[in-house]
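The values are calculated or read from the model by the stated rules, or taken from the named source; none is laboratory data. All figures in this text were calculated on a predicted structure; none of them were measured in a lab. Here the Cβ is made from the backbone with ideal geometry for all residues, glycine too, and neighbour counts use every protein chain on show.
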Amino acid sequence: MSSSYAARSRYYKTEVDGQRLHPETQMMSYGYDPSLSEGALKPPVFHTSTFVFNNAAEGKAFFEVAYGKREKDADEDPGLIYSRINNPNLEVLEDRLRLWDSAEKGLSFASGMAAISTSLLAYTRPGDVVLYSEPIYGGTEYLLRNILPEFGVTGVGFTTWNEERALSIAVEEAKAIVAQSGGKIASIFVETPANPTNCLIDLQECRQIAEKIESTLGHRPLLMVDNTFLGPLWQRPLDHGADIVIYSLTKYVGGHSDLVAGGVVGSTELLTPIAGFRTILGTMCDPQTGWMILRSLETLQLRMTRSCENAKRIAFFLLDHPMVTSVGHLDHIDKADPAYQVYKRQCLGAGSTFAFDIKGGEGEAFKVLDALKVIKLAVSLGGTESLMEHPFTMTHADVPDDVKKRLGVSESMLRISVGIENADDLIADLRQALRTIES
């Protein structure tokens, strides 16, 4: 048996008296044995760069497993070597992260973009194509549009509401590219709901299309899903055909606007190459941040549930406001819209981040933002406090203006991330801020 902290701390309770434990219960203790840390109720922070081996043979065995020189034994976990490879805090964190999605394995990263970049780099090579949904988070869009092409990887975007840019059309474009490049369609990368419009992507349809690509080209693109907006409480992409699920843990999972981190969950087989790239690129999470996320996981369900309830009330208020022209809250999708069926089948809740459009343009949007007194004018989302921002000039500033307008990200759009404050207070703040643009 290895001396890995996780291997020695088989404190993995999954049921009690025939009752399968829910993730919110397991977040309090899963994967951690207090007896191994002087009885400390919470895991200590392991501020160490390296770990001491009991003997040279043990060190050799740990490195053989870590670098794939041999398969580990059935009862053997990777031993602790160096915090760029593994660390006790991250082992406990990754054990708990995977529980929400019922995944085999989890990985933690230094940021959401570190998780996205490392995952894509692990599975793409020069000549490959990545199909990606639009609109998408500005950082992801920049990576696909500007950086990966420098390494011979082409991004081809698609939408769900424009037939001229539908996924089926994007697939044909991708096939033409790989026919010339000799590469493959490496992945279908989607963010659903989309940032900031809340457009939904049908994950089952994406999986079916990926399998059709496999039948014609001999390689199935991996379905990668950025689940930051709804997950892990309100959407479980692995249940709908996704291969890899990615999170900005900075957002709801971290939940207090005091850390930056990312996560990936999926099967052990598919995450192993990503873990290898993480080791070499050094994109792992640090122990202190990992410890802070463990703290946050204990209240994740409470925070996300309260935020979701608040957001529903705010959406109803905005729908009736004369200065608001549209509200992108998922509970208010028209039942005649095909997205409604996707929402009912795929989502477990509407979440608490959405965009709305006001009468006017940038000037009016700025007036509203500048008038806020309770809601904070800041980017990011998923924290305990409510935040608002102007996607056109802020989070999506590096997306070309014509692309933003084509995708419905207008100068009149505001995005709100609803926190856990009193909903009446938030509505009062929005009411007085919107009053500044009334004629």
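Residue 393 meets the conditions (1) touching a residue at least 40 places away in the same chain (Cβ under 8 Å); (2) within 28 Å of residue 139 (Cβ to Cβ); (3) part of a loop (DSSP other than H, G, I, E, B); (4) touching a helix residue (DSSP H, G or I) at 6+ places or on another chain (Cβ under 9 Å) in every case but one. The failed one is (1). Filtered by the rule that a residue be surrounded by 14 or more Cβ atoms within 10 Å (Cβ to Cβ), over 29 Å from residue 134 (Cβ atoms) and either over 22 Å from the mean Cα position of the chain (by Cα) or at pLDDT below 95 (or both), segment 398-424 gives 421, 423. The set of residues in segment 155-186 being hydroxyl-bearing (Ser, Thr, Tyr) and farther than 27 Å from residue 349 by Cα consists of 168, 181.
Is it the case that segment 57-70 has a residue that's at positive phi and outside the structural domain of residue 234 (by TED's automatic domain parsing)? Within segment 57-70, one or more residues are at positive phi and outside the structural domain of residue 234 (by TED's automatic domain parsing). No other residue among 258, 286, 226 is among the acidic types (Asp, Glu), in contact (Cβ under 8 Å) with a residue 60 or more places away in the chain and surrounded by fewer than 24 Cβ atoms within 10 Å (Cβ to Cβ) apart from 286. The single condition among (1) crowded, with 21+ Cβ neighbours inside 10 Å; (2) over 17 Å from the mean Cα position of the chain (by Cα); (3) part of a strand (DSSP E or B); (4) hydroxyl-bearing (Ser, Thr, Tyr) that residue 247 does not satisfy is (2). Counting residues in segment 49-69 that are modelled with pLDDT of 90 or more, part of a loop (DSSP other than H, G, I, E, B) and within 27 Å of residue 262 (Cβ to Cβ) gives one or more. Would a scan of segment 100-121 turn up a residue that is assigned to a helix (DSSP H, G or I), out of contact with any Leu (no Cβ under 6 Å at 6 or more places or on another chain), crowded, with 16+ Cβ neighbours inside 10 Å and of a type in the set (Phe, Trp, Tyr)? Among the residues of segment 100-121, at least one is assigned to a helix (DSSP H, G or I), out of contact with any Leu (no Cβ under 6 Å at 6 or more places or on another chain), crowded, with 16+ Cβ neighbours inside 10 Å and of a type in the set (Phe, Trp, Tyr), which makes the answer yes. If you check 383, 349 for being closer than 22 Å to residue 260 by Cβ and either in a loop (DSSP other than H, G, I, E, B) or assigned by TED's automatic domain parsing to the domain that holds residue 201 (or both), only one passes: 383. I'd like the full set of residues that are more than 11 Å from residue 416 (Cβ to Cβ) and out of contact with any His (no Cβ under 8 Å at 6 or more places or on another chain), limited to segment 364-376. Selection gives 364, 367, 370, 371, 373, 374.
Right, residue 258: in a loop (DSSP other than H, G, I, E, B) and out of contact with any strand residue (DSSP E or B) (no Cβ under 9 Å at 6 or more places or on another chain) or not? For residue 258, the condition - in a loop (DSSP other than H, G, I, E, B) and out of contact with any strand residue (DSSP E or B) (no Cβ under 9 Å at 6 or more places or on another chain) - is met.
Against the numbered list (1) of a type in the set (Ser, Thr, Tyr); (2) touching a helix residue (DSSP H, G or I) at 6+ places or on another chain (Cβ under 9 Å); (3) surrounded by fewer than 21 Cβ atoms within 10 Å (Cβ to Cβ), residue 142 comes up short only at (2).
Here residue 355 meets each of (1) assigned to a strand (DSSP E or B); (2) surrounded by fewer than 21 Cβ atoms within 10 Å (Cβ to Cβ) with one exception, condition (2).
Filtering segment 167-185 to residues that are in contact with a helix residue (DSSP H, G or I) (Cβ under 9 Å, 6 or more places away or on another chain) and surrounded by fewer than 24 Cβ atoms within 10 Å (Cβ to Cβ) leaves 167, 168, 169, 171, 175, 178, 183, 184. When the test is whether a residue is of a type in the set (A, V, I, L, M), out of contact with any Asp or Glu (no Cβ under 8 Å at 6 or more places or on another chain) and at pLDDT 95 or above, residue 264 passes it. Taking the listed residues 186, 122, the one that is aliphatic (A, V, I, L, M), touching a Phe, Trp or Tyr at 6+ places or on another chain (Cβ under 6 Å) and within 30 Å of residue 51 (Cα to Cα) is 122, with no other qualifying. Screening segment 4-20 for residues that are surrounded by fewer than 16 Cβ atoms within 10 Å (Cβ to Cβ) and in a loop (DSSP other than H, G, I, E, B) and picking the one that is modelled with the lowest pLDDT gives 10.
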